[in-house]
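The values are calculated or read from the model by the stated rules, or taken from the named source; none is laboratory data. Note that the structure is predicted; figures quoted are calculated from it, not measured. We place every Cβ from the backbone using ideal geometry, glycine too, and count neighbours over all the protein chains shown.
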Amino acid sequence: MTSAAWRVTPLKSCILAILEKRGGVIIENELENPLRELYGDYSETELNKALLSLETNGLIHVSWISKTKRRIQKLTKDMSFLAVGED
């Protein structure tokens, strides 16, 4: 796929679809293969921007499990996370 090609489905929508199939929780490295199948090639920067946007909009929560592993969880209506300084 060339860089000038338009993507049919946005990266954020693909991430949400994969989370839905996985029961709402996934480890970042487990997201790679299904995301490449659904979306195609993407950069680490694109992934981080999509995750930040989804988290800012209250659709997901990203937490660090270790220095190199992130846990991505889809939020439901009854879940909420406080921002730093809100507690």
What is the one condition in (1) surrounded by 10 or more Cβ atoms within 10 Å (Cβ to Cβ); (2) out of contact with any His (no Cβ under 6 Å at 6 or more places or on another chain); (3) modelled with pLDDT under 95 that I72 does not satisfy?
-> (3)
Please go through segment 33-47 and pick out each residue that is loosely packed, with under 12 Cβ neighbours inside 10 Å and free of Cβ contacts under 8 Å to residues at least 12 places away in the same chain.
-> N33, E37, S43, E44, T45
L51: passes all of (1) surrounded by 14 or more Cβ atoms within 10 Å (Cβ to Cβ); (2) modelled with pLDDT under 95; (3) hydrophobic (A, V, I, L, M, F, W, C) but (2)
Of the residues that make up segment 75-84, is at least one modelled with pLDDT of 95 or more and exposed (fewer than 13 other Cβ atoms within 10 Å of the Cβ)?
-> no
Does segment 54-65 hold any residues that are without any contact (Cβ under 8 Å) to a residue 40 or more places away in the chain and surrounded by 14 or more Cβ atoms within 10 Å (Cβ to Cβ), and which are they?
-> E55, H61, V62
Quick one: N29 ticks every box in (1) closer than 14 Å to I72 by Cα; (2) surrounded by 12 or more Cβ atoms within 10 Å (Cβ to Cβ) bar one, so which box is it?
-> (2)
